[in-house]
Amino acid sequence: MQDVRWLARIDTAGPAGPLTGAGILISDREVLTCAHVVHGVHEAEVRLVAHPDLPPLTGTVALRGPWPELPGGAGDVAVLRLREPVPAQTAAPAPFAPLHRWAGPPAPALVAYGFPAGHDTGLSSEIRLTRGGFRIAGELVQLEHEGTGMPLSPGFSGGPVVIAATGEVAGLVTAALDTLGVPRGPDDRSRPAARLGQMLPAEAAARYVPQLADRLTGAALPAHAVRGLRLLLGAGPPPADPLELYRAAVGPLGCPDPPSRPATLWDAGWYLLAEVPRPPHGPHPVVHFAHHVAEAHTDPALRDGLLDWLDRHRDTAPTAGRRRERWRPILVEITPSGAGPAMFHVAVAAVRDGRIGAADTRTVPRLRLKHAVRDRIDHELGRLEPDGAELVIFSLPRKWLTEPVHGWARRRTDYGPLGADHAVVVVDAQRRADPAARRQLELKWAPLRAAAGTLLHQLRCTELPDGKRLYHRLRPPERVELPALPGPPRGAPYEPLLAAALRAGVPAVLWPGQACTADHTHTRTCRNERFLARLAEELADVAPADLPRRVRELRHEAEEAADPSQHWAAGLVLLWEDPAVLPGPHRPYRVVPTAPPPHAAGPE
């Protein structure tokens with residue numbers, strides 16, 4: 001079941017009589033819906049579906065799209081502004097899918113939520129994209145009902161279209177057509193019954209609702225750069241025709257004009273960010289666009305603001321567009337030793353060209369473990385080639401994965417812990433030794449290689465699934481979400497969830513250093529759930545292959561704080577394993593070098 005604390009029902013009393021639609025909470029005071037749902041009215045009644053006992057909220061229409069002036073139903077979007085903000089413990093803004101994720105490949109299963117007649121609390125409808133469809137009016141996507149349940153119908157307008165596997169919003173329903181039960185005359189026998197609908201994708205809605213772009217990932221530039229440009233482009237009237245500025249920006253690339261003429265600078269700039277790919281060489285065309293806007297502007301403040309933005313983002317690209325970090329890994333394997341209950345076997349080796357080098361192995365007592373490991377890591381660091389970033393990988397028994405190895409210091413005189421100075425991750429030794437699990441890990445990495453950001457599956461303290469449900473949610477290779485636990489997986493309830501995630505083959509799992517201590521009978525949120533929300537925001541523009549780098553930066557930020565223990569990222573742990581970085585211990589298709597060559601079997 002999906003968490004839909006962001007889903008709203010909208011009731012209006014328009015000129016044509018009462019009308020019911022749906023809406024999506026996009027901030028603590030803003031609800032996204034269709035323009036035709038609030039047509040002819042200035043206020044609407046908003047009810048949060050997850051809290052039917054709460055009194056309705058009043059929303060004022062703050063923005064209307066250009067519907068119905070545009071042909072084909074385009075621009076059918078509006079924003080309601082609530083009189084009072086919604087408390088975080090009551091509802092949260094909807095999570096949005098990365099740009100164009102709804103299109104696949106493969107095309108994901110979709111679900112729409114709405115409030116058809118007679119169903120005041122809402123229903124869902126299984127839908128899919130029409131195969132081989134096209135963009136209607138340059139922005140809308142045709143949907144078809146799938147299955148035997150509720151089809152799209154009046155009451156779904158403004159409702160979310162959700163990717164079933166992740167619960168992320170891909171767009172909103174703008175139209176529905178269901179003629180299956182409509183009586184037909186003798187002349188209509190050749191006309192088949194239809195169960196169709198239309199979706200306005202989130203990236204198209206952001207043309208008319210600029211602040212929505214702040215919640216979308218996968219654009220040509222990182223989210224902070226998009227937000228800065230949005231504020232600058234919307235701060236004044238266009239100094240020139242937005243379409244001509246767009247054409248000057250794409251210039252030699254030969255990109256076609258947008259489907260409809262851009263009405264604002266943001267309209268043209270967002271089309272570049274969302275629809276035009278980055279060229280193989282040189283900056284993205286949106287950088288040229290910002291430069292042309294700055295040159296044409298007569299407002300000194302806006303011109304200086306755009307030039308400052310260009311100085312900071314001229315060479316900026318999302319993680320998927322720039323070269324990945326080239327890692328120089330050091331593998332640290334720690335296992336219990338048979339020499340005694342407090343003795344451990346330690347092997348430290350550098351990884352070069354996909355091969356694990358000769359390991360320095362020794363048996364050390366528990367009291368000297370940190371010092372011995374740091375000494376050997378320092379020795380291997382001094383031998384690494386300078387053309388890559390250090391990555392320290394601890395391969396640990398599962399019960400040791402909660403050991404804060406990233407916080408180890410060799411001695412008291414060390415200024416920084418290991419994880420703030422170098423990228424440090426842990427891997428599960430049990431999974432690493434399982435060839436079948438290794439295969440599943442490789443399958444899970446396949447769609448993640450090209451991902452521009454990291455999508456977290458946040459496991460909240462108050463809504464924990466059982467291990468079996470989590471396993472089946474994460475197992476399919478095409479599902480790219482990575483789980484984030486609300487506490488260390490030390491015993492129940494989080495350790496079984498970690499085991500399920502590892503069995504499903506997920507490449508990465510994250511968790512905080514402290515367990516949840518909140519009494520959730522009196523509060524719906526806690527420090528650890530706020531940790532998950534902040535972590536999802538920080539990693540939205542970080543490719544999964546670059547997670548070790550970003551986690552190291554967050555640990556460094558925590559160490560710079562006045563009280564590192566109170567920083568939101570204190571104790572952050574990253575379990576991360578990439579077969580392209582750390583080779584497996586198996587040789588399933590080769591003869592072991594020390595074994596005798598195989599010979600043909602013969603009669604004894």
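Working from label points 7 Å from Cα in the Cα-to-Cβ sense, the residue 362 to residue 128 distance is 6.1 nm.
Using the empirical formula 2.2 N^0.38 Å as the baseline, the Cα radius of gyration of the stretch 209-335 reaches a ratio of 1.22. Normalising the average separation of contacting C-alpha pairs (under 8 angstrom, six or more residues apart) by the number of residues puts the relative contact order of the chain at 9 percent.
Please give the calculated 222 nm ellipticity per residue for the chain, where each DSSP H segment of at least 4 residues contributes -39500 (n - 2.57) and the sum is spread over every residue; nearest 500 deg cm²/dmol? Let's see the in-between values first.
Values: 14 runs with 144 residues, N = 604.
Taking each H run of at least 4 residues, the total per residue is -7000 deg cm²/dmol.
Taking amide H positions as modeled 1.01 Å from N, with prolines and chain starts lacking one, no residue 5 or more places away or on another chain lies under 5 Å from residue 464. Note on the stretch 133-172: along the principal axes its Cα atoms extend 29, 23, 19 Å, ordered by decreasing extent.
With the Kirkwood sum run over all distinct C-alpha pairs, the stretch 430-492 has a hydrodynamic radius of 13.3 Å. Each Lys and Arg contributes +1 and each Asp and Glu -1, all at the Cβ; summed about the Cα centre of the chain, the dipole is approximately 1900 debye.
Excluding same-chain neighbours fewer than eight residues apart, the aspartates and glutamates reachable from residue 399 by a Cα-Cα span under 13 Å are 428, 495.
In plain terms, the bigger the Kirkwood radius, the slower the diffusion; for the stretch 409-455, with that radius from Cα pairs, at 10 °C and 1.306 mPa s, Stokes-Einstein puts D at 114 µm²/s.
What whole-number value in cubic angstrom gives the convex hull volume per residue for the C-alpha atoms of the stretch 1-114? Please report the intermediate quantities before stating the final value.
On the way: hull volume 14.4 nm³, N = 114.
Roughly 127 Å³ of hull volume per residue.
With the convex hull drawn over the C-alpha atoms of the stretch 36-180, the volume per residue is 141 Å³.
Starting from the alpha-carbon convex hull of the chain, give the projected area averaged over all orientations, in nm². Numbers along the way, then the final one.
Details: hull surface 152.8 nm².
The orientation-averaged projected area of the Cα hull of the chain comes to 38.2 nm².
Per-residue extension of 0.36 nm, minus the Cα-Cα distance of residue 450 and residue 88, leaves a gain of 127.0 nm for this segment. In order along the stretch 152-157, the Karplus-derived 3J(HN,Hα) couplings, from 6.51 cos²θ - 1.76 cosθ + 1.60 at θ = phi - 60°, round to 5, 7, x, x, 8, 4 Hz, and Gly and Pro are given as x. Whole-percent P(r), the stretch 452-521, all Cα pairs, 10 Å bins from 0: 20, 56, 20, 3. For the chain, the antiparallel share of DSSP beta bridges with both residues in that region comes to about 80%.
Roughly what percent of Cα-Cα pairs across the stretch 114-180 reach past 20 Å?
So the portion of pairs separated by more than 20 Å is 25 percent.
Taking amide H as placed 1.01 Å from N in the peptide plane, the amide H of residue 391 sits under 5 Å from that of 328, 330, each at least 5 places away or on another chain. The simple spin-label model puts a point 7 Å past each Cα toward its Cβ; for residue 355 and residue 519 those points are separated by 6.2 nm. What the Kirkwood sum gives for the stretch 376-469 is a hydrodynamic radius of 16.7 Å, with every pair of different alpha carbons counted. What angle do you read, to the nearest 10 degrees and between 0 and 90, between the alpha-carbon axis of helix 369-381 and the longest principal axis of the chain? Approximately 80 degrees, to the nearest 10.
Read-outs: derived from the displayed coordinates by stated rules, not from any lab. Just so it is clear, the structure is predicted and the values come from calculations on it, not from any experiment. Using ideal geometry, Cβ is built from the backbone for each residue, glycine included, and neighbour counts are taken over all protein chains shown.
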